[in-house]
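Inspection log for the structure reproduced underneath, given as structure tokens.
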Amino acid sequence: MNFSATKTILVTGGLGYIGSHTVVMLLEQGFSVVIVDNLSNSQAFIEERIREVADGTLQVYIEDVTNEKALEAIFQKHDIAGVLHFAAHKAVGESMQKPLEYYHNNISGLISLLACMKKYEVDNIIFSSSCTVYGEAEQLPINEQAPFQEAASVYGRTKQIAEHILHDFANACSKKIVSLRYFNPVGAHPSARLGELPGGIPDNLVPYITQTAAGVREYLFVFGNDYPTRDGTAIRDYIYIMDLADAHVLALQRLLSLNFEDFQSPEIYNLGTGRGYTVLEVISAFEKASGTELPYKFAPKREGDVTAAYADNKKAKEELGWQANTSLEYALSTAWKWEQAYRSEQSGS
Ligand code: UD1
């Protein structure tokens with residue numbers, strides 16, 4: 001069945017890293033897309049890039065999700081079938097310095113959005129959650145039943161609080177809600193026209209690696225070399241961005257096809273490959289993918305980092321029919337292609 005024929009999907013944070021790649025897939029599937037983005041961690045030119053790589057109906061509003069009046073006007077204007085809510089702050093370190101900003105943006109933004117969904121009778125939402133809700137999990141791989149652990153950061157706490165809010169909202173208002181808990185998204189669109197664009201010094205591993213290989217940074221600092229792992233560095237589950245985008249489309253199709261009664265709202269899915277790599281293994285995969293040698297140094301552990309996190313992704317495979325087959329090496333090759341393309345445009349060559 002084609003659910004997308006006449007459906008309009010509201011995508012908050014649609015010009016950001018995960019949002020923009022997902023919008024491309026939604027357009028390719030025939031959905032109309034309305035983006036709300038405040039450009040706080042994205043660039044306006046991404047709109048043109050999305051239009052370059054995908055045809056379809058796209059409208060962009062530069063607005064803040066915490067501005068409920070502005071959101072209301074958008075809900076009034078468009079017949080929205082479902083919402084994908086990406087817009088949130090996500091830097092772990094920064095969240096400790098600016099807790100109120102994080103609570104305001106990540107929590108008040110969600111509440112404004114849910115209030116509009118209630119008022120305009122929009123029944124479907126997919127929420128961007130994170131494996132950070134599990135903290136240092138007791139069992140690996142981590143499945144969706146694993147309990148929340150005390151969050152190591154304000155950012156992590158906002159994701160936990162948001163999931164509680166969604167749970168209560170689903171019960172009270174009969175809404176269909178999916179919460180997708182991402183592991184570590186990496187890579188870029190194969191065209192190298194879209195990718196991760198961190199402002200300032202990257203917090204995340206892969207953009208730091210590509211910037212180091214491009215000569216923007218002198219060394220990669222590997223945080224910690226005495227973790228109880230096979231080579232002493234921390235283990236994560238790196239998932240290719242296009243596989244992650246694909247999961248959103250599948251989850252949306254599921255939401256649109258099922259009635260509230262057939263749905264355990266909120267439904268929760270882990271999105272990871274199921275395989276963990278150490279930081280040193282990521283470096284080595286990047287060196288292979290790029291044919292470059294990456295200069296790195298060991299540095300102290302980063303506060304709040306866990307030893308290992310990788311997903312049990314059985315539920316997403318079984319219920320969404322999702323596959324996350326892209327190799328880490330290929331994902332890293334797209335990140336490198338994107339970094340190089342971006343740098344050469346910046347320097348005007
Ligand atoms: C963190 C969050 C995650 C969030 C994601 C979004 C936690 C525990 N994790 O993921 O929830 O969704 O950011 O941004 O809150 N590393 C280095 N050198 C670097 C950068 C990273 O060695 O310069 C290491 C880290 O110590 C870690 C791995 O690389 O072991 C991945 O780090 P990163 O990309 O920042 O992601 P997470 O911390 O796993």
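The values are calculated or read from the model by the stated rules, or taken from the named source; none is laboratory data. These figures come from a predicted structure and were not determined experimentally. Ideal geometry is used to build each Cβ from the backbone, glycine not excepted, and the neighbour counts take in all protein chains shown. What goes into the accessible areas is simple: the full protein's heavy atoms, side chains included, and nothing from ligands, DNA or RNA. Shrake-Rupley method; radii C 1.70, N 1.55, O 1.52, S 1.80 Å.
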Worksheet item: In the neighborhood of Glu136, defined by Cβ-to-Cβ distances under 10 Å, what is the net charge if each Lys or Arg adds +1 and each Asp or Glu adds -1?
Response: -3
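Leaving ligands and nucleic acids out of the surface, order Ile35, Ile111, Ile165 by accessible area at 1.4 Å, largest first. Working shown, then result.
Working: Ile35 0, Ile111 85, Ile165 40 Å².
Most to least solvent-accessible, the answer reads Ile111, Ile165, Ile35.
Quick one: of the DSSP bridges fully inside the chain, what percent are antiparallel, nearest 5?
Numbers: 2 of 41 bridges.
Of the beta bridges lying entirely in the chain, close to 5 percent run antiparallel.
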Item to complete: Could you work out the relative contact order of segment 1-159, using alpha carbon pairs under 8 angstrom and six or more residues apart, expressed as a whole percent?
Response: 22 percent
Worksheet, complete the sentence: Looking only at aspartates and glutamates whose Cα falls under 16 Å of Lys118's and that sit 8 or more positions away or on another chain, we get Glu68, Glu72, Asp79, Asp168
Worksheet entry | Net charge contributed by nearby residues that have their C-beta within less than 13 Å of Ile165 (K/R +1, D/E -1) | +2
Item to complete: Please say if segment 57-194 is rounded, prolate or oblate, where rounded means a/c under 1.5 for a ≥ b ≥ c the square roots of the C-alpha gyration tensor eigenvalues, and otherwise the choice is prolate for a/b larger than b/c and oblate otherwise?
Response: prolate
Worksheet item: Can you give me the Cα centroid spacing of segment 290-305 and segment 194-236 in angstrom?
Response: 5 Å
Response to the item:
Taking chymotrypsin sites (Phe, Trp or Tyr not before Pro) as exposed when in a DSSP loop with at most 14 other Cβ atoms inside 10 Å, the chain has its longest clean stretch at 46-218
Discussion item. Could you compute Rg(Cα) / (2.2 N^0.38 Å) for segment 139-224, with N its residue count?
Written reply: 1.49
Item to complete: Give, as a single signed number, the net charge of other residues whose beta carbon lies under 12 Å from the beta carbon of Arg49, with Lys and Arg counted +1 and Asp and Glu -1.
Response: -2
Worksheet item: Over the alpha carbons of segment 201-349, what is the largest minus smallest coordinate on each principal axis, giving the biggest first in Å?
Response: 55, 44, 25
Worksheet, complete the sentence: Note to self, the chain gives a 222 nm [θ] from helices alone (DSSP H runs n ≥ 4, -39500 (n - 2.57) apiece, / all residues, nearest 500) of -12000 deg cm²/dmol
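What is the projected area of the convex hull of the Cα atoms of the chain, averaged over all directions, in nm²?
Its Cα hull, projected and averaged over all orientations, spans 16.6 nm².
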Worksheet item: Which of the lysines could be linked to Lys119 by a straight reach, that is with a Cα gap under 18 Å, when you skip same-chain ones fewer than 8 residues away?
Response: Lys69, Lys77, Lys175, Lys176
Worksheet entry | Cα-based equivalent ellipsoid, segment 10-104: semi-axes from gyration tensor eigenvalues, Å | 24, 16, 10
Worksheet item: Angle, helix 154-173 long axis vs. longest principal axis of the chain, Cα atoms, 0 to 90°, nearest 10?
Response: 20 degrees
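Counting pairs of alpha carbon atoms under 8 Å apart in space and at least six apart in sequence, what relative contact order in percent does segment 170-280 give? If you can, show how the numbers build up before the last one.
Values: 133 pairs, mean separation 49.0, N = 111.
Here the relative contact order equals 44 percent.
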Discussion item. Charges at C-beta only: +1 for Lys and Arg, -1 for Asp and Glu. How large is the resulting dipole of segment 207-349 about its Cα centre, in Debye rounded to 20?
Written reply: 300 debye
Fill in: For segment 158-287, convex hull volume per residue from C-alpha positions, Å³
155 Å³
Item to complete: Please work out the Cα center distance from segment 103-170 to segment 32-46, rounded to the nearest Å.
Response: 22 Å
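Restricting to Cα pairs below 8 Å that are 6+ residues apart, what does the relative contact order work out to for the chain? Please round to a whole percent. Intermediate values should be presented prior to the final figure.
Details: 681 pairs, mean separation 66.0, N = 349.
Result for the chain is 19 percent.
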Discussion item. Please report Rg (one decimal) and Dmax (integer) in Å for the Cα set of segment 264-349.
Written reply: 17.1, 53
Worksheet entry | Surface per residue (accessible, 1.4 Å probe) for the chain, Å² | 43 Å²
